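Data block below; observations after.
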Amino acid sequence: MRKLACFTLTLLACASLPGQDVPKAAAAADQLGWQMAIHAYTFRKFSIFECIDKTAALGLKHMSLSGSVSLDGKSGRKTVTLSDAAAAAIRKAAAAKGIKLINIGVVQLPPDEAESRGVFEFAKRMGIDTLVAEPEPAALDVVEKLCKEYAIKVAIHNHPKPSRYWNPDTVLEAIKGRSPLLGACADTGHWLRSGLDPRECLKKLEGHVICLHFKDLVPEEPKTAAAAEAGKKKEGAAKAMHDVPWGTGVGQVKAQMAELKRQGFRGAFCVEYEYNWDNSMPEIAECKKFFDATCAELAGKP
């Protein structure tokens, strides 16, 4: 039954990519030093093993783990507290599909060194070199110490305002004067929700972007007049927006990718598609098509 499901998903992904020259597209991304990855939160309604199958069916070779994970598609638990056996099963399933696990997040990295050390130990056990987190200022000395000790990067993620790191200025302040192992996980969609221009945010963070939660969004239409009025009164609140296939929203994602090329960014564009949760595969296939075509275009430019 599982083999049939995987075969169906593969057909779906391929059908969404007519005429795609897969080796050529991969070569262009490799030339730029970029990887397209699935962030497991995209498939949060499914088990981690189904997430691995879906990632493979899309033709992708990289995946990031969420802060919580489901082994059975029903109940979830903190990823960094998984048993050795469960962690090994995930590694084995990913390896069997030729998928590399590249980061975990958003994880908690508190000032308590023993607790944060446990998170770094888990990343080491999984062969992952980047943790995505939003550490409070009091934790930064401990986080930096552990980054150096384990040779593991910490990418500071930005949830929408009023969260601590909604503005890239706060990320820059947090990492100022610290090890280059500390940088940013640029969530481009959350910048849009916060009323910021993602391309300008990327410019501010030049040289510090470790990975991305890459998104393209459109504003959500209020369902009622009362909801629209209530939204106007929420000063400082994040905008209601939802994901669409890359290149079809308001994020000017091609311009963002061109900016990242200019910066010499090398790393992962993680798909965190937070819409149409039950059946987002066709839309993510469109994101892949856009990514491959844009990589080919940018790789061909001097």
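Filtering A186, A155 for residues that are buried (at least 23 other Cβ atoms within 10 Å of the Cβ) and closer than 26 Å to K289 by Cα leaves a single hit, A186. Residue count for the range 56-91, restricted to those that are closer than 17 Å to T130 by Cβ and polar (S, T, N, Q): 3. The set of residues in the range 115-138 that are in contact (Cβ under 8 Å) with a residue 60 or more places away in the chain and assigned to a loop (DSSP other than H, G, I, E, B) contains only I128. Residue pairs whose Cβ atoms lie under 9 Å apart, sitting 6 or more positions apart in sequence or on different chains, and linking a residue in the range 173-193 that is free of Cβ contacts under 8 Å to residues at least 40 places away in the same chain and under 22 Å from E259 (Cβ atoms) to a partner that is in a loop (DSSP other than H, G, I, E, B) and hydrophobic (A, V, I, L, M, F, W, C), are G183/L205; A184/L205; A186/L205; W191/W166. Would you check if there is a residue in the range 251-259 being out of contact with any Leu (no Cβ under 7 Å at 6 or more places or on another chain) and either at pLDDT below 95 or assigned to a loop (DSSP other than H, G, I, E, B) (or both)? Among the residues of the range 251-259, at least one is out of contact with any Leu (no Cβ under 7 Å at 6 or more places or on another chain) and either at pLDDT below 95 or assigned to a loop (DSSP other than H, G, I, E, B) (or both), which makes the answer yes. The set of residues from the range 15-46 being surrounded by fewer than 16 Cβ atoms within 10 Å (Cβ to Cβ), under 21 Å from the mean Cα position of the chain (by Cα) and at pLDDT below 90 is empty. Name the single residue, out of those in the range 30-59 being touching a Cys at 6+ places or on another chain (Cβ under 6 Å) and outside any helix (DSSP H, G or I), that is farthest from Y273 (Cα to Cα). Of everything passing the filter in the range 30-59, A37 is farthest from Y273 (Cα to Cα). The set of residues in the range 60-79 being modelled with pLDDT of 95 or more and assigned to a loop (DSSP other than H, G, I, E, B) consists of L60, K61, S66, G67, L71. In the range 194-210, of all residues being of a type outside the set (S, T, Y) and part of a loop (DSSP other than H, G, I, E, B), the one that is nearest to A258 (Cα to Cα) corresponds to E206. Scan the range 80-96 and give yes if some residue there is part of a loop (DSSP other than H, G, I, E, B), closer than 30 Å to F49 by Cβ and either modelled with pLDDT under 95 or not hydroxyl-bearing (S, T, Y) (or both), otherwise no. Looking through the range 80-96, at least one residue is part of a loop (DSSP other than H, G, I, E, B), closer than 30 Å to F49 by Cβ and either modelled with pLDDT under 95 or not hydroxyl-bearing (S, T, Y) (or both).
The values are calculated or read from the model by the stated rules, or taken from the named source; none is laboratory data. Note that the structure is predicted; figures quoted are calculated from it, not measured. Note: ideal-geometry Cβ built from the backbone for every residue, glycine included; neighbour counts use all protein chains shown.
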